Amino acid sequence: MSTTIQRILVAHDFGDVSDAALKFAIDLAEKLGARVTIVHAYEIPVYSFPEGVAITADVGGQVRMLTSDALDRVVRAAARPGLDLHGMLRQGPAWSEIAAAATELHADLVVIGTHGRRGLAHALLGSVAEKVVRTAPCPVLTVHGKEKS
């Protein structure tokens, strides 16, 4: 494993904690001359009816379009002169898509925000950051956010 950081993958869920993680990653990338890829993973909502499960192409297309637009805004807002910055949109469970993107991009570091949930909230909601730490092919840096009451 190389200790040179040339490719940084930043997981982003369009929240404040992800913005803090992105800022940290960009500051690091500027010092190291590294490339930054912002990844957002989304899932298509599935509706359950007594007759079976349903999803329409319209819903899937709208979700993809809205998340793509949101990711483009994040990339534009984070752009800096001389910074190699790109966005990547993926469909599927966030933790597995982040780990898969890190593998595909040969990322040297993943940066991800963590909400700091504990107890029942952590048990019920799980932790994307924790799963990424366990499954990523490279080191993972977590940026802690304050849990909201």
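The values are calculated or read from the model by the stated rules, or taken from the named source; none is laboratory data. The structure displayed is predicted, hence computed values, not measured ones. Cβ: placed from backbone, ideal geometry, glycine included. Neighbour counts: every protein chain shown.
Only one of (1) free of Cβ contacts under 8 Å to residues at least 60 places away in the same chain; (2) part of a helix (DSSP H, G or I); (3) among the aliphatic types (A, V, I, L, M); (4) touching a strand residue (DSSP E or B) at 6+ places or on another chain (Cβ under 9 Å) fails for LEU89. Which number is that? Of the numbered conditions (1) free of Cβ contacts under 8 Å to residues at least 60 places away in the same chain; (2) part of a helix (DSSP H, G or I); (3) among the aliphatic types (A, V, I, L, M); (4) touching a strand residue (DSSP E or B) at 6+ places or on another chain (Cβ under 9 Å), the odd one out for LEU89 is (2). Can you find, within the stretch 34-56, the residue that is modelled with the lowest pLDDT among those that are outside any strand (DSSP E or B) and either surrounded by 14 or more Cβ atoms within 10 Å (Cβ to Cβ) or acidic (Asp, Glu) (or both)? This residue is GLU51. Say whether the condition of being over 14 Å from LEU141 (Cβ atoms) and among the aliphatic types (A, V, I, L, M) is met by at least one residue in the stretch 19-36. No.
For the stretch 78-86, the criterion of being surrounded by 19 or more Cβ atoms within 10 Å (Cβ to Cβ) and either modelled with pLDDT of 95 or more or more than 24 Å from THR67 (Cα to Cα) (or both) is met by at least one residue.
For the stretch 57-70, check the following and say yes or no: at least one residue is surrounded by 15 or more Cβ atoms within 10 Å (Cβ to Cβ), modelled with pLDDT of 90 or more and under 30 Å from ILE5 (Cβ atoms). Yes, because at least one residue in the stretch 57-70 is surrounded by 15 or more Cβ atoms within 10 Å (Cβ to Cβ), modelled with pLDDT of 90 or more and under 30 Å from ILE5 (Cβ atoms). For the stretch 14-33, the set of residues classified as part of a loop (DSSP other than H, G, I, E, B) and out of contact with any helix residue (DSSP H, G or I) (no Cβ under 7 Å at 6 or more places or on another chain) consists of GLY15, GLY33, listed by residue number. For LEU105, the conditions (1) at pLDDT 95 or above; (2) in contact with an Asp or Glu (Cβ under 8 Å, 6 or more places away or on another chain) all hold with the exception of (2). Starting from residues that are among the aliphatic types (A, V, I, L, M) and under 15 Å from SER18 (Cβ atoms), keep the ones in the stretch 87-100 and report whichever is modelled with the lowest pLDDT. Per the criteria, the residue is ALA94. Considering the stretch 108-149, the residues that are of a type in the set (Lys, Arg) and out of contact with any helix residue (DSSP H, G or I) (no Cβ under 8 Å at 6 or more places or on another chain) include one that is modelled with the lowest pLDDT, namely LYS148. Consider VAL74 carefully, then state whether it is over 13 Å from the mean Cα position of the chain (by Cα) and either modelled with pLDDT under 95 or not hydroxyl-bearing (Ser, Thr, Tyr) (or both). No: the conditions fail for VAL74.
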